[in-house]
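Colleague: One structure, as structure tokens, below. Some questions next.
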Amino acid sequence: MSRADLDRDPRAVAAMFDDVARRYDLANTVLSLGLDRYWREVTRRALSPTSGERILDLAAGTGVSTAEFARSGAKCVAADFSFGMLSAGYGRGLPMVAADALSLPFADETFDGVAMLFGLRNLADTAAGLREMARVVRPGGRLVICEFSTPTRQALRAVYRNLALRAVPPVARAVSSNPDAYVYLAESILAWPDQPKLAAEIGRAGWSEVAWRDLTGGIVAVHRAVKPHDS
């Protein structure tokens, strides 16, 4: 299946994640050389969940990041549109909800914060997804997006694009239950906007105080924002 086919049909993206769910966490750790743990920890610190807060982890996959947030005592919900991913994480004992990020099954202002790790670029409509996240977060609540981005140094950018991403499919063949899916994932990273462009899109979706932190030379960026009280 080509990337274009996946872009036209969000159900195909969900099916792709169903296929890779069984070994998804292992593949992420191998492909990131173990940096996925660091990226999750930085995201948790940016979100700063506290005991008793209601936190939505969107595109949560198997709930690895949700469990990280829940260590604070926050009431965390893992939401994902892939039943395969949620099933693979069922044993974590976390609240899990099958949900479309463009039409969330939650009331307005339900959560104190929402996080999305490596899922925003898979939405059929990024702006609509950001607006929907704002809808379910209370005024003053937080948004944290951890996503692949654009390396800040030209030399690293060239290496990353011409070597690292091309290496993804062959490595994935050794560790993934559906290595062809990683061709789509690699291409979606190359097509993703850089840090300032994503920050501008987050602001247009109704969020304020938008800022970001580059990780691993900008290969990943953590964007954070606040829902204004007058929204």
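The values are calculated or read from the model by the stated rules, or taken from the named source; none is laboratory data. Everything quoted here is computed from the prediction, not taken from an experiment. Virtual Cβ from ideal backbone geometry, glycine too; neighbours counted across all protein chains shown. The area values use the complete protein model at the heavy-atom level, side chains included, leaving out ligands, DNA and RNA. Shrake-Rupley method; radii C 1.70, N 1.55, O 1.52, S 1.80 Å.
Colleague: Heavy atoms only, probe 1.4 Å: what % of the accessible area of the range 80-137 goes to carbon and sulfur, would you let me know?
Modeller: Carbon and sulfur atoms account for 52 percent of the accessible area of the range 80-137.
Colleague: Rank by packing, highest mean first: peptides 29-42, 65-78, 126-139, with packing defined as the count of other Cβ atoms within 10 Å averaged across residues.
Modeller: Top of the packing list down: 65-78, 126-139, 29-42.
Colleague: For the pair Ala127/Ser188, report the inter-label distance in nm, with labels modelled 7 Å from Cα in the Cβ direction.
Modeller: Inter-label distance under the simple model: 2.1 nm.
Colleague: Looking at the square roots a ≥ b ≥ c of the eigenvalues of the Cα gyration tensor of the range 36-169, which shape do they give, rounded for a/c under 1.5, prolate if a/b is larger than b/c, or oblate?
Modeller: prolate
Colleague: Would you please put 154-160, 215-221 in order of how densely packed they are, using the mean number of other Cβ atoms within 10 angstrom per residue and starting with the highest?
Modeller: Averaged packing, sorted descending, gives the order 215-221, 154-160.
Colleague: Placing unit charges on C-beta atoms (Lys and Arg positive, Asp and Glu negative, everything else neutral), compute the dipole magnitude of the range 18-121 about its Cα centre in debye, rounded to 20.
Modeller: For this selection, approximately 380 debye.
Colleague: With each label point set 7 Å from Cα along the Cα-Cβ vector, what nm distance links Tyr38 and Asp100?
Modeller: Taking the two extended label points, one gets 3.9 nm.
Colleague: Could you go through the range 91-98 in sequence order and give the Karplus-derived ³J(HN,Hα) for each residue, using 6.51 cos²θ - 1.76 cosθ + 1.60 with θ = phi - 60°, rounded to whole Hz, and x for Gly and Pro?
Modeller: So the J values, rounded to whole Hz, are x, 6, x, 9, x, 10, 10, 6.
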